[in-house]
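The values are calculated or read from the model by the stated rules, or taken from the named source; none is laboratory data. Remember, it's a predicted structure, so these values are computed and weren't measured experimentally. Here the Cβ positions follow ideal geometry from the backbone for every residue, glycine too, while neighbour counts run over all protein chains shown.
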């Protein structure tokens, strides 16, 4: 039972990530590699605010979301001008900078959270507290799963409403033909800023949930590998609609568990899982470029 | 002087990989991340052959041959069919990424995740500029310097003087026109991929002799190479070489003035600046990037 709860919490977290990434990649048609950066920014903001300054869960998450929204400008401003491979490169630069900051903003002599040792560098932040909501401490996983599922459901609802709204239709129009959308009087730059900001906020929430659940965070959550994993999740699951990313998150959760039955040594299993991901990406591009349940083909 | 030299030498290996990237990117517009996988495979093949036969020329030839074959296989099995299907830039990018992941994980499964070295008695140090300057270079650095200069110069001469070089430049300039003149585009693309394999192997082996290797070094090296391409200009074959050297020097200066851990941050700040202020690079023609 505990095992299933653990899986469910991971599934909740990744559903939020996949749905938000789909807003950028699937609805705006902008392939981004910076998503793990915002995930880690959310996680780190929550961890530091809760651990060092003793903030509660809700204000800490709110602050993380605000920070992610402001920093999302680093991705959305390049999106005004750059397209295709160049936009991917710009997001890669953002990703590398976030990782570099988290990895290097440390000083072994200063206490954690002070100005010269904000992130504790490669050693990460241990002992992140579980949230306390309305006076109830969610130290038990059985209680935490309720919170995670509620947040995931709320995010899914928000994404669903947004994409079904006129706002979502403008995103699709912009993806298909930006010039035409501008010709119809839509401020496409503003829409890009909004969509990327919303996606970054959602993934920051997911990062905060992850930090609160695992209790430990290190810079690898902002690594390029993590971004690639998130990207392959939405690409395999499907782009441009609601069910695609959820299928992708399910596969991401299910695949390692299925490999567990093969009884491989641990090191080999991790490599094999990633190798299967690589193979899936290649096969997808050949035989079903829109993903398993998706509607949009990457340009 | 020492810092400049170190920077130039590490810049040369970036330049080699940048040229490998550019050879594929210009004619095909494929963002070839699979290059990182090739870069990762090369030293392992070299090491295995070295251990079996104990002769370094054989191991070098074997790793070049293996990587060229792999690179051509990438084109033959993945990119050529995708191009026939009229797949998008993004599809090429993602499938290339998939190939990279697959290859690196296979390498890690076969040879393990740990760092290895290829040292073979190149640890002696030299003072090449003794009377003028006291800079120290290791044998492997000198070896790297010589090897990459010969390869890069050879490549540029090949591009300018031979018929094949002319055809490659023509293919890079306008693939459709090239096909209309009756040349076989697929063979030339295959050749471009093979040549990229040669340069990737050279970069990987030279770096492996100097500082060692593990399965995951490839992606980082390739990203540096791509940054070098952007700095140098993505529409020229000389640009990546200059960009690579410049990037190597900048990174060495960062180590000197700040610390080695801010190298990557500085690199990507440079990338962001170029993308925003001079997206065509140092050697590129001015075009609107939206147009391509």
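Quick rundown of the values:
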{"quantity": "Single unsatisfied condition, residue B:251 versus (1) over 21 Å from residue A:104 (Cα atoms); (2) at pLDDT 80 or above; (3) within 14 Å of chain A (Cβ to nearest Cβ)", "calculated": "(1)"}
{"quantity": "Where a residue in region A:224-237 is under 17 Å from residue B:223 (Cβ atoms) and more than 10 Å from chain B (Cβ to nearest Cβ) and its partner, wherever it lies, is surrounded by fewer than 24 Cβ atoms within 10 Å (Cβ to Cβ) and at pLDDT below 85, with Cβ under 8 Å and at least six apart", "calculated": "A:226/A:220"}
{"quantity": "Test: residue in region B:73-90 that is in contact (Cβ under 8 Å) with a residue 24 or more places away in the chain and under 21 Å from residue B:205 (Cβ atoms)", "calculated": "yes"}
{"quantity": "Test for residue B:53: is it surrounded by 20 or more Cβ atoms within 10 Å (Cβ to Cβ) and either free of Cβ contacts under 8 Å to residues at least 40 places away in the same chain or more than 22 Å from residue B:158 (Cα to Cα) (or both)", "calculated": "no"}
{"quantity": "2 or more residues within 19 Å of residue A:46 (Cα to Cα): qualifying helices (runs of 4 or more DSSP H) within region A:117-183", "calculated": "A:141-164"}
{"quantity": "Test: residue in region A:110-126 that is at pLDDT 80 or above and surrounded by 12 or more Cβ atoms within 10 Å (Cβ to Cβ)", "calculated": "yes"}
{"quantity": "Hits in region A:256-273 - residues which are within 13 Å of chain B (Cβ to nearest Cβ) and either closer than 21 Å to residue A:230 by Cβ or touching a residue at least 24 places away in the same chain (Cβ under 8 Å) (or both)", "calculated": "A:259, A:269, A:270, A:271, A:272, A:273"}
{"quantity": "Among residues of region B:271-292, those that are more than 9 Å from every other protein chain (Cβ to nearest Cβ) and either at pLDDT 70 or above or within 20 Å of the chain's Cα centre (by Cα) (or both), counted", "calculated": "9"}
{"quantity": "Residue match in region B:64-78 (condition: closer than 23 Å to residue A:286 by Cα, within 11 Å of chain A (Cβ to nearest Cβ) and either out of contact with any helix residue (DSSP H, G or I) (no Cβ under 8 Å at 6 or more places or on another chain) or not in a helix (DSSP H, G or I) (or both))", "calculated": "yes"}
{"quantity": "Selected residue [surrounded by fewer than 22 Cβ atoms within 10 Å (Cβ to Cβ), farther than 18 Å from residue A:222 by Cα and within 14 Å of chain B (Cβ to nearest Cβ)] from A:51, A:8, A:58, A:77", "calculated": "A:77"}
{"quantity": "Residue within region B:124-138 that is modelled with pLDDT under 80, within 14 Å of chain A (Cβ to nearest Cβ) and either part of a strand (DSSP E or B) or on the phi > 0 side of the Ramachandran plot (or both) present", "calculated": "no"}
{"quantity": "Qualifying positions in region B:207-252 - assigned to a loop (DSSP other than H, G, I, E, B) and surrounded by fewer than 24 Cβ atoms within 10 Å (Cβ to Cβ)", "calculated": "B:212, B:214, B:216, B:233, B:235, B:236, B:237, B:238"}
{"quantity": "Residue match in region A:192-207 (condition: farther than 17 Å from residue A:32 by Cβ, modelled with pLDDT of 85 or more and crowded, with 20+ Cβ neighbours inside 10 Å)", "calculated": "yes"}
{"quantity": "Qualifying helices (runs of 4 or more DSSP H) (wholly inside region A:5-116; at least 3 residues being farther than 30 Å from residue B:229 by Cα, in contact (Cβ under 8 Å) with a residue 12 or more places away in the chain and under 19 Å from the mean Cα position of the chain (by Cα))", "calculated": "A:35-51, A:57-71"}
{"quantity": "Qualifying residue in region B:94-113 (condition: surrounded by fewer than 16 Cβ atoms within 10 Å (Cβ to Cβ), more than 14 Å from chain A (Cβ to nearest Cβ) and over 30 Å from residue A:30 (Cα atoms))", "calculated": "no"}
{"quantity": "Residue selected from region B:79-93 under the condition surrounded by fewer than 17 Cβ atoms within 10 Å (Cβ to Cβ) and facing chain A (nearest Cβ under 7 Å), by the criterion modelled with the highest pLDDT", "calculated": "B:81"}
{"quantity": "Region A:274-299, subset part of a loop (DSSP other than H, G, I, E, B) and under 22 Å from residue A:85 (Cβ atoms), residue farthest from the other protein chains (Cβ to nearest Cβ)", "calculated": "A:294"}
{"quantity": "Criterion: under 19 Å from the mean Cα position of the chain (by Cα) and either more than 10 Å from every other protein chain (Cβ to nearest Cβ) or surrounded by 24 or more Cβ atoms within 10 Å (Cβ to Cβ) (or both) - qualifying residue of B:203, B:179", "calculated": "B:203"}
{"quantity": "Residue list for region A:278-294, restricted to those being under 21 Å from the mean Cα position of the chain (by Cα) and at pLDDT below 85", "calculated": "A:290, A:291, A:292, A:293, A:294"}
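Here's the yes/no breakdown for (1) surrounded by 21 or more Cβ atoms within 10 Å (Cβ to Cβ); (2) on the phi > 0 side of the Ramachandran plot:
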{"position": "A:216", "(1), (2)": "no, no"}
{"position": "A:235", "(1), (2)": "yes, no"}
{"position": "A:238", "(1), (2)": "yes, yes"}
{"position": "A:258", "(1), (2)": "no, no"}
{"position": "A:265", "(1), (2)": "no, no"}
{"position": "A:292", "(1), (2)": "no, no"}
{"position": "A:295", "(1), (2)": "no, no"}
